[in-house]
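The values are calculated or read from the model by the stated rules, or taken from the named source; none is laboratory data. All of these numbers come straight from a predicted model, not from anything done at the bench. Cβ placement follows ideal geometry from the backbone for every residue including glycine, while neighbour counts extend to all protein chains displayed.
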């Protein structure tokens with residue numbers, strides 16, 4: 001098994017346990033993360049998002065939290081995986097089953113330099129938001145609103161986390 005494949009395994013194993021500290025060790029200082037909601041630059045933002053999500057899950061959803069991952073592959077520069085998350089969306093209390101494809105780029109030290117997750121936002125919004133997601137989840141209106149709220153939540157979370165600067 002390539003060491004970068006081991007990094008992905010360690011990352012998702014830690015995520016399944018809601019272990020944000022171990023997840024953070026997988027990222028390069030200049031890491032970049034993008035998905036349907038977040039566009040993050042730098043290790044503080046990227047690992048701050050995971051810390052925020054893990055904290056929210058422990059506080060409001062640990063009873064239903066489940067993460068499965070598979071199809072992990074990696075070489076010296078790139079990697080990929082598929083993961084499925086079952087959780088309670090903290091903003092609405094609604095249960096979500098999200099299916100995500102992840103792509104990674106690694107630096108020479110074997111740390112994640114770029115991480116890009118892709119999922120069906122409309123499917124996610126129907127589950128997480130209910131009627132608004134069903135009616136408008138496919139539009140930029142809901143996507144932009146979710147992105148803005150997520151960015152504001154992360155900013156507030158990072159303000160309360162000076163130790164992770």
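Points worth noting:
- Residue match in segment 102-113 (condition: under 26 Å from residue 63 (Cα atoms), out of contact with any strand residue (DSSP E or B) (no Cβ under 7 Å at 6 or more places or on another chain) and outside any strand (DSSP E or B)): no
- The set of residues in segment 129-145 that are under 20 Å from the mean Cα position of the chain (by Cα) and either outside any helix (DSSP H, G or I) or at pLDDT 95 or above (or both) contains only 137.
- Any hit, segment 93-101, residues being in a strand (DSSP E or B), over 17 Å from residue 127 (Cα atoms) and free of Cβ contacts under 8 Å to residues at least 60 places away in the same chain: yes
- Selection within segment 89-106 - surrounded by 16 or more Cβ atoms within 10 Å (Cβ to Cβ) and either within 18 Å of residue 30 (Cα to Cα) or at pLDDT 95 or above (or both): 96, 98, 100, 102, 104, 105, 106
- Residues in segment 16-67 that are free of Cβ contacts under 8 Å to residues at least 40 places away in the same chain, in a helix (DSSP H, G or I) and within 14 Å of residue 114 (Cβ to Cβ): 1 in all.
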